[in-house]
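Participant: Would you mind keeping the following structure in view while I ask a few things?
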Amino acid sequence: MKITIVNDVPQSKTEAEIRLVRVPAGGGCPELLVAESPTTENQWVAVMGGNLERGESFPKVNVSFAEAERFCVRLSEESGYTFRMPTEVEFCRCLGDEPKELEKYGVFDQKAIVEVKTKLPNEYGLFDMRGDVWEWTTTVENGRNILRGGSWFFTQDDARAVFRNYNLPAYRVNNVGFRVLCCRPTSS
């Protein structure tokens with residue numbers, strides 16, 4: 001799996017690539033290296049095996065929290081970097097400022113899931129932070145993981161920074177996916 005830090009390298013299209021974006025420190029978080037979009041089916045198949053269900057650029061959905069964690073472990077082993085899912089605080093930091101025209105940045109009120117990166121990126125260069133798929137976070141409350149970001153099936157109000165969702169870690173459905181965050185020493 002090729003790992004690219006978007007801010008460091010000009011854009012190129014390669015198969016099964018995870019493109020990382022630097023999100024500056026702030027809001028109680030250090031600088032973060034975050035996947036440019038939710039994990040796609042293409043990325044999932046490259047790391048975990050299996051077949052594409054919808055297409056290579058669609059978010060990987062119907063994945064439990066434990067399955068997403070296993071993806072992070074395998075990706076870490078293959079790449080030599082350490083990957084995990086963000087905490088709720090980290091996810092909120094990556095949301096950036098709330099856009100006035102949210103529909104330009106997220107996918108809402110649709111009949112089906114859509115490919116990643118069909119809308120504008122936020123100010124950090126992250127796509128689909130709002131809408132398309134709910135994303136797992138590692139934050140747990142009352143035995144349930146917090147989900148953030150909204151989805152294609154919900155309204156744009158559910159994608160606002162003030163809205164949170166949650167579910168049991170075994171939950172699997174067609175509007176829940178995940179995004180990876182890369183941990184590395186700050187000196188690298």
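The values are calculated or read from the model by the stated rules, or taken from the named source; none is laboratory data. It should be emphasised that the depicted structure is a prediction, and the values quoted were computed from it without experimental measurement. When we count neighbours, we look across all protein chains shown, and the Cβ atoms used for this are built from the backbone with ideal geometry, even at glycine. The protein model used for the area step is the full one, side chains on, heavy atoms only, and it has no ligands, DNA or RNA in it. Shrake-Rupley method; radii C 1.70, N 1.55, O 1.52, S 1.80 Å.
Participant: Counting other Cβ atoms within 10 Å of each Cβ, which trypsin sites (Lys or Arg not before Pro) in the range 86-138 have at most 12 and sit in a DSSP loop?
Facilitator: Values: sites: Arg93, Lys100, Lys104, Lys111, Lys117, Lys119, Arg130; in loops: Lys100, Lys111, Lys117, Lys119.
Taking the range 86-138 and a limit of 12 other Cβ atoms within 10 Å, the loop trypsin sites (Lys or Arg not before Pro) found are Lys100, Lys111.
Participant: Place a +1 charge on the Cβ of each Lys and Arg in the chain and a -1 charge on the Cβ of each Asp and Glu, then give the dipole magnitude about the Cα centre in debye, rounded to the nearest 20.
Facilitator: The dipole of the chain has a size of about 140 debye.
Participant: Around Leu102, what is the net charge, scoring Lys/Arg as +1 and Asp/Glu as -1 over all other residues with Cβ under 12 Å from its Cβ?
Facilitator: That sum, taken over residues with Cβ under 12 Å, equals -2.
Participant: Would you compute the Debye intensity of the range 1-112 from its alpha-carbon atoms alone, equal scatterers and no solvent, and pass along log10 I(q)/I(0) at q = 0.14, 0.15, 0.22 Å⁻¹ to two decimals?
Facilitator: Summing over Cα pairs of the range 1-112 leads to -0.67, -0.77, -1.47.
Participant: Would you please give the residues with an amide H less than 5 Å from that of Thr138, counting only those at least 5 places away or on a separate chain, with H modeled from the backbone geometry?
Facilitator: So Thr138 has HN proximity to Thr87, Glu88.
Participant: So, with a 1.4 angstrom probe, what is the percent of accessible area on the range 125-188 that is carbon and sulfur?
Facilitator: Numbers: 1550 of 2790 Å².
Roughly 55 percent of what the probe reaches on the range 125-188 is carbon or sulfur.
Participant: Please report the antiparallel percentage of the DSSP beta bridges confined to the range 1-116, to the nearest 5.
Facilitator: 60 percent
Participant: Then there is this: Quickly estimate the mean residue ellipticity at 222 nm for the chain, helices only: each DSSP H run with n ≥ 4 gives -39500 (n - 2.57), and the total goes over all residues, rounded to 500.
Facilitator: So the helix-based figure for the chain works out to -5000 deg cm²/dmol.
Participant: When you have a sec, figure out the Kirkwood radius of the range 75-114 from all distinct Cα pair distances and drop it here in Å to one decimal? Present the calculation step by step, with values, prior to reporting the outcome.
Facilitator: Values: mean 1/r = 0.0750 Å⁻¹.
Taking the inverse mean of 1/r over all distinct Cα pairs, the range 75-114 comes out at 13.3 Å.
Participant: Tell me, what is a quarter of the convex hull surface for the C-alpha atoms of the range 45-188, in nm² with one decimal?
Facilitator: Taking a quarter of the hull surface, the average projection is 9.0 nm².
Participant: Looking at the range 37-188, what % of its DSSP beta bridges pair antiparallel, to the nearest 5?
Facilitator: 75 percent
Participant: Tabulate in residue order the Karplus-calculated ³J(HN,Hα) for the range 28-34, using 6.51 cos²θ - 1.76 cosθ + 1.60 with θ = phi - 60°, rounded to whole Hz; enter x for Gly and Pro.
Facilitator: x, 10, x, 4, 10, 10, 10
Participant: Keeping every protein chain present and rolling a 1.4 Å probe, give me the accessible area per residue for the chain in Å².
Facilitator: That works out to 48 Å² for each residue.
Participant: Over the range 1-148, calculate the relative contact order: mean separation of alpha carbon pairs under 8 Å at least 6 apart, over the residue count, as a percent.
Facilitator: The value is 20 percent.
Participant: Skipping prolines and chain starts, which residues have an amide H placed within reach, meaning under 5 Å, of the one on Phe83, given they are 5 or more residues away or on another chain?
Facilitator: Hits under the 5 Å cutoff: Ser76, Cys183.
Participant: Using θ = phi - 60° and the Karplus form 6.51 cos²θ - 1.76 cosθ + 1.60, what ³J(HN,Hα) does each residue of the range 120-127 get, whole Hz, x for Gly and Pro?
Facilitator: Residue by residue, the range 120-127 yields 5, x, 6, 5, 8, x, 8, 9 Hz.
Participant: Using θ = phi - 60° and the Karplus relation 6.51 cos²θ - 1.76 cosθ + 1.60, list the HN-Hα couplings for the range 88-98 in order, rounded to whole Hz, with x at every Gly or Pro.
Facilitator: Once rounded to whole Hz, the list reads 5, 4, 5, 4, 4, 4, 6, 4, x, 5, 6.
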